[in-house]
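The values are calculated or read from the model by the stated rules, or taken from the named source; none is laboratory data. Since the model is a prediction, treat every value here as computed from it, not as a measurement. Virtual Cβ from ideal backbone geometry, glycine too; neighbours counted across all protein chains shown.
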């Protein structure tokens, strides 16, 4: 859905949409597996920056919810997530804040997005919100065994028949180090740190 400045100049735009799976591309991060419900309001805010400069900002407020799958970080099996969220975002025309390239951003500026070509594509905003809501690391189960690094088999569902190679002899000098440390040394190290 394109929210245009022309529409917003007349009146705020209310939207209540159901976006089917496959409409928004989330890349390899997630797959939408149920309709994405979104309901909200977009309105035009005129920011006065001087006697002759008025910036047309678009403020978008909405709530959304849907079901998604993300790959397990260890075995790549799909893991289902029911996600929901709400947002209140401000968008300015692309390039309006162009200034010195080495200028530091202040916190309120980090919450501002940009639109181009006279409008804002709501699906782009939703893609970003969904990806920000996904867990940083998804696991199918806490003790997921992952994939065999040699043959690629999922170790959760089938055993691996790959040979276990002997340890690299260059590390053998360190192998007995832990057993050589006395318990008193370990306790002292814990207290000192």
Out of 158, 111, I need the residue that is modelled with pLDDT under 85 and either loosely packed, with under 14 Cβ neighbours inside 10 Å or closer than 30 Å to residue 15 by Cβ (or both). Which one?
111
So which residues in region 135-153 are more than 21 Å from the chain's Cα centre (by Cα) and touching a residue at least 60 places away in the same chain (Cβ under 8 Å), if there are any at all?
144, 145, 146, 147
For region 84-95, the count of residues that are crowded, with 17+ Cβ neighbours inside 10 Å and part of a loop (DSSP other than H, G, I, E, B) equals 0
